[in-house]
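The values are calculated or read from the model by the stated rules, or taken from the named source; none is laboratory data. Note that the structure is a prediction, hence the values are computed from the model and not measured. Positions of Cβ are generated from backbone atoms using ideal geometry, with glycine treated the same way; all protein chains shown enter the neighbour counts.
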Amino acid sequence: MSDFDDSSSTRTGRIGKLTEKGKSYQLQILEDESISAQRSWRKQLNKLSNLIADSTNVDLLKSERSFLETKMEILNAANEKLYDSLEDNYDAKKELLMKCETLECEHSNIPNKKSGLTYPSALAEILRAKNRTDHQSLLR
């Protein structure tokens with residue numbers, strides 16, 4: 001047998017290393033994923049905000065809110081991967097953290113475009129109105 005038959009020893013001895021161009025390309029991919037996830041989250045946020053204003057269907061609101069939570073998890077995962085890839089670029093890391101904090105704050109306080117109420121407040125208002133309607137129908 002020749003020395004070339006034992007390929008496992010040569011593969012484990014070397015660890016691949018990205019070139020600067022490769023690192024830049026990988027970073028661009030992660031930035032694109034983050035932007036795409038943010039757009040998807042924003043689209044769902046706007047949909048939910050409009051539903052809060054126009055709908056009294058509590059189950060639909062809860063379903064759309066759950067979907068929004070999933071979108072936020074995807075966005076957080078994309079931003080975490082991007083953060084890890086920034087290595088020693090502390091300014092970019094700080095900027096990304098500030099952006100994430102802003103998005104998280106916005107996510108926690110989903111405004112109703114018409115009434116200005118946040119998601120929990122709007123949901124409570126819908127439930128109160130529905131409860132009053134149900135109560136009035138029982139009195140008839």
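Take the residues of the range 85-107 that are surrounded by fewer than 11 Cβ atoms within 10 Å (Cβ to Cβ) and assigned to a helix (DSSP H, G or I): which is modelled with the lowest pLDDT? Explain how you work it out, then say what you get.
Step one: list which residues in the range 85-107 are surrounded by fewer than 11 Cβ atoms within 10 Å (Cβ to Cβ), which gives 88, 90-91, 98, 101-102, 105.
Those left that are additionally assigned to a helix (DSSP H, G or I): 90-91, 98, 101-102, 105.
On the way: Tyr90: 91, Asp91: 94, Met98: 93, Glu101: 91, Thr102: 91, Cys105: 86.
Across the range 85-107, the extreme among qualifying residues is Cys105.
Would you be able to say whether some residue in the range 18-34 is surrounded by 18 or more Cβ atoms within 10 Å (Cβ to Cβ), out of contact with any Ser or Thr (no Cβ under 8 Å at 6 or more places or on another chain) and hydrophobic (A, V, I, L, M, F, W, C)?
No, there is no match, as no residue in the range 18-34 is surrounded by 18 or more Cβ atoms within 10 Å (Cβ to Cβ), out of contact with any Ser or Thr (no Cβ under 8 Å at 6 or more places or on another chain) and hydrophobic (A, V, I, L, M, F, W, C).
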